[in-house]
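A.B. asks: Starting off with a structure, shown below.
The values are calculated or read from the model by the stated rules, or taken from the named source; none is laboratory data. Quantities reported herein were computed from a predicted structural model and do not represent experimental measurements. Here the Cβ is made from the backbone with ideal geometry for all residues, glycine too, and neighbour counts use every protein chain on show. Only protein heavy atoms, including side chains, enter the accessible area calculation; ligands, DNA and RNA are left aside. Shrake-Rupley method; radii C 1.70, N 1.55, O 1.52, S 1.80 Å.
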Amino acid sequence: MTATLHISESRKLDAGAHKVKDRLATREMDEAREIRFEYSENLPSLLFDLKCTLLVSTYKTGNLVCISGRRRQLAATFHLFDRPMGIAVKESGVAVATRNQIWFLRSAPDIAAKYEPRGLHDAAFLTRSAHFTGDIHCHEIAWAGNELSMVNTLFSCLCTPHPCYDFAPRWRPPFVSQLVPEDRCHLNGLAIDDGKPRYVSAMAETDSRQGWRSVKNGGGCLIDVASGSTVARGLTMPHSPRVAGGKLYMLHSGLGRLETVDPSNGHRETVCELPGYARGLAIHGATAFVGLSKIRPASVWAGVPIASNPERLKCGVWAVDLNRGSVIAQFEFDSTVEELFDIQVLAGITSPLVSGPMAEKDSGQPMWTVMPSK
């Protein structure tokens, strides 16, 4: 498991490419490894002006990455979780789906104000509890009011935590006949609208154990949760549906595209083409933050269009102007990190403090918060 993270090289400006490079060193099993990244020169100011911070899950390397434009300087911190995937944000805190648990991080602005050096952080998120789910292959999660809705990929359903059980099933696609741990359609993404689960994405409309694998190229779909009807078909590995500004967006991952979908007729329009397997989408105003991944050399990618040129694929976060359909900034990993899963925005926050369940391995310093004595 990855141990202490520290900055090993100062930031440098590559004026020719208009990118800034940085490197984080980590130590794993007593062997040094590095996480290198570079970013467009305008990214820190973009995040600062938008008054937001990005949370990014890198499930293969086990990190929740916090990217902010603190005082118009880029700050990236890495926090250890066991295979983090979906992230959910609300005013009271953050939830992170991991291999066997959902972790809950409480918003603690009072701690941020007191943390040294004082004035550096404008928010704090501290791990306080976890719900054990078992390895249900939990993908995206989202708050639906006060209830956390989870995409339970192994059981092909939406579910919620329950104090007496691993999970409580709430909904499954009409074409899935049984609640069984067979990953029948590879349900993966969830869009919330008006405080309720509205749309989900799936790799296929199949009802057999991992049946989606044989039709992954062109078999994907978007489903309306309320009606159970399929609103878009013919997709290749769709992910991350989102409702924003009265529009339904999704990532057409197998084609490397951000698209809009008209749920009344399934008509799709391309907003932007991107150089990676698009998975993880957060929309903040007129800006979309899209996660891109490289692809693994595996049979699951056979026949998928984006796999035809794997050498050109990037891993990182691309910022897209939704009005113009153009890339305006980017954050790219150079090494070690090759796959992202989810992206969420902390709105109104430019310099958060995050303390994960293994905080002593993130920073080398444990943190305790103690209820004051009466």
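A.B. asks: Could you please find all residues in the stretch 153-171 being open to solvent by less than 10 Å² (accessible area, probe 1.4 Å) and within 12 Å of ILE102 (Cα to Cα)?
C.D. replies: THR160
A.B. asks: Just to be sure I understand, how many residues within the stretch 125-148 are small (Gly, Ala, Ser), closer than 28 Å to GLN210 by Cα and in a loop (DSSP other than H, G, I, E, B)?
C.D. replies: 1
A.B. asks: Something else now. Which residue pairs have Cβ atoms under 7 Å apart, sit 6 or more places apart or on different chains, and have a first residue in the stretch 326-342 that is more than 14 Å from GLY291 (Cβ to Cβ) and at pLDDT 95 or above and a second that is open to solvent by less than 40 Å² (accessible area, probe 1.4 Å) and part of a loop (DSSP other than H, G, I, E, B)?
C.D. replies: none
A.B. asks: Here's something else I'd like to know. I'm checking my understanding of the structure. Among residues of the stretch 312-343 that are among the polar types (S, T, N, Q) and assigned to a loop (DSSP other than H, G, I, E, B), which one is most open to solvent (accessible area, probe 1.4 Å)? Lay out the reasoning, then the answer.
C.D. replies: From the stretch 312-343, those among the polar types (S, T, N, Q) are 323, 326, 330, 335-336; that's our starting set.
Next cut, assigned to a loop (DSSP other than H, G, I, E, B) only: 323, 335-336.
Details: ASN323: 132, SER335: 30, THR336: 54 Å².
Checked the stretch 312-343; the qualifying residue most open to solvent (accessible area, probe 1.4 Å) is ASN323.
A.B. asks: Tally the residues that are out of contact with any Asp or Glu (no Cβ under 7 Å at 6 or more places or on another chain), under 15 Å from SER326 (Cα atoms) and assigned to a strand (DSSP E or B), restricting the search to the stretch 268-277.
C.D. replies: Residues that pass the stated criteria total 2.
A.B. asks: When ASN309 is evaluated against the numbered criteria (1) modelled with pLDDT under 95; (2) surrounded by 23 or more Cβ atoms within 10 Å (Cβ to Cβ), which criterion, by number, is the only one it fails?
C.D. replies: Of the numbered conditions (1) modelled with pLDDT under 95; (2) surrounded by 23 or more Cβ atoms within 10 Å (Cβ to Cβ), the odd one out for ASN309 is (2).
A.B. asks: Which of the residues spanning the stretch 286-306 are open to solvent by 50 Å² or more (accessible area, probe 1.4 Å) and either in a helix (DSSP H, G or I) or touching a Cys at 6+ places or on another chain (Cβ under 9 Å) (or both)?
C.D. replies: Those that are open to solvent by 50 Å² or more (accessible area, probe 1.4 Å) and either in a helix (DSSP H, G or I) or touching a Cys at 6+ places or on another chain (Cβ under 9 Å) (or both): LYS294, SER299, PRO305.
A.B. asks: Cβ-Cβ below 6 Å, separation at least six or inter-chain, first residue in the stretch 131-144 and touching a residue at least 12 places away in the same chain (Cβ under 8 Å), second part of a loop (DSSP other than H, G, I, E, B) and crowded, with 21+ Cβ neighbours inside 10 Å: which pairs?
C.D. replies: HIS137/THR153; HIS139/MET85; HIS139/GLY86; HIS139/THR153; GLU140/GLY86; ILE141/GLY86
A.B. asks: Quick check on ARG198: is it in contact (Cβ under 8 Å) with a residue 60 or more places away in the chain, open to solvent by 40 Å² or more (accessible area, probe 1.4 Å) and not in a loop (DSSP other than H, G, I, E, B)? Full working, then the answer.
C.D. replies: Values: in contact (Cβ under 8 Å) with a residue 60 or more places away in the chain: no; open to solvent by 40 Å² or more (accessible area, probe 1.4 Å): yes; not in a loop (DSSP other than H, G, I, E, B): yes.
Considered against the rule, which asks whether it is in contact (Cβ under 8 Å) with a residue 60 or more places away in the chain, open to solvent by 40 Å² or more (accessible area, probe 1.4 Å) and not in a loop (DSSP other than H, G, I, E, B), ARG198 comes out as no.
A.B. asks: Based on what the data block shows, is ALA278 open to solvent by 50 Å² or more (accessible area, probe 1.4 Å) and either over 24 Å from GLY62 (Cα atoms) or touching a strand residue (DSSP E or B) at 6+ places or on another chain (Cβ under 9 Å) (or both)? Full working, then the answer.
C.D. replies: Working: open to solvent by 50 Å² or more (accessible area, probe 1.4 Å): no; either over 24 Å from GLY62 (Cα atoms) or touching a strand residue (DSSP E or B) at 6+ places or on another chain (Cβ under 9 Å) (or both): yes.
No: the conditions fail for ALA278.
A.B. asks: Could you please tell me which pairs satisfy a Cβ distance under 9 Å, a separation of 6+ or placement on different chains, a first residue in the stretch 158-177 that is outside any strand (DSSP E or B), and a second residue that is of a type in the set (Lys, Arg) and buried (at least 16 other Cβ atoms within 10 Å of the Cβ)?
C.D. replies: The qualifying pairs are PRO173/ARG184; PHE175/ARG184; VAL176/ARG184; SER177/ARG184.
A.B. asks: Another question, if that's okay. Residue check, GLY364 against (1) at pLDDT 95 or above; (2) on the phi > 0 side of the Ramachandran plot, all met but one. Which one?
C.D. replies: (1)
A.B. asks: Suppose we filter ILE111, ILE102 for residues that are surrounded by fewer than 21 Cβ atoms within 10 Å (Cβ to Cβ), of a type in the set (Val, Ile, Thr), in contact (Cβ under 8 Å) with a residue 24 or more places away in the chain and outside any loop (DSSP other than H, G, I, E, B); which single one remains? Working first, answer last.
C.D. replies: Numbers: ILE102 fails: surrounded by fewer than 21 Cβ atoms within 10 Å (Cβ to Cβ).
Of the residues listed, the single one that is surrounded by fewer than 21 Cβ atoms within 10 Å (Cβ to Cβ), of a type in the set (Val, Ile, Thr), in contact (Cβ under 8 Å) with a residue 24 or more places away in the chain and outside any loop (DSSP other than H, G, I, E, B) is ILE111.
A.B. asks: For the stretch 233-257, enumerate the residues that are farther than 14 Å from GLY189 by Cα and in a strand (DSSP E or B). Talk me through it step by step, then tell me what you get.
C.D. replies: Residues of the stretch 233-257 that are farther than 14 Å from GLY189 by Cα, as a first pass: 233-234, 244-247, 254-257.
Matches in the stretch 233-257: ARG233, GLY234, ALA244, LYS247, ARG257.
A.B. asks: Taking the stretch 209-223, which residues are touching a helix residue (DSSP H, G or I) at 6+ places or on another chain (Cβ under 9 Å) and not in a helix (DSSP H, G or I)? Steps first, please.
C.D. replies: Our first condition is that a residue be touching a helix residue (DSSP H, G or I) at 6+ places or on another chain (Cβ under 9 Å); within the stretch 209-223, this holds for 213, 216-220.
Result: LYS216, ASN217, GLY218, GLY219, GLY220.
A.B. asks: Another question, then. Using the structure shown, decide if ILE283 is open to solvent by 20 Å² or more (accessible area, probe 1.4 Å) and part of a strand (DSSP E or B). Steps first, please.
C.D. replies: Working: open to solvent by 20 Å² or more (accessible area, probe 1.4 Å): yes; part of a strand (DSSP E or B): yes.
So ILE283 fits the description; yes.
A.B. asks: Tell me whether the stretch 228-241 contains one or more residues that are modelled with pLDDT of 95 or more, under 19 Å from HIS137 (Cα atoms) and open to solvent by 20 Å² or more (accessible area, probe 1.4 Å). Outline the logic, then answer.
C.D. replies: Restricting attention to the stretch 228-241, the residues satisfying the condition of being modelled with pLDDT of 95 or more are 228-241.
Those left that are additionally under 19 Å from HIS137 (Cα atoms): 237-241.
Pick out the ones that are also open to solvent by 20 Å² or more (accessible area, probe 1.4 Å) and you get none.
No, because not a single residue in the stretch 228-241 is modelled with pLDDT of 95 or more, under 19 Å from HIS137 (Cα atoms) and open to solvent by 20 Å² or more (accessible area, probe 1.4 Å).
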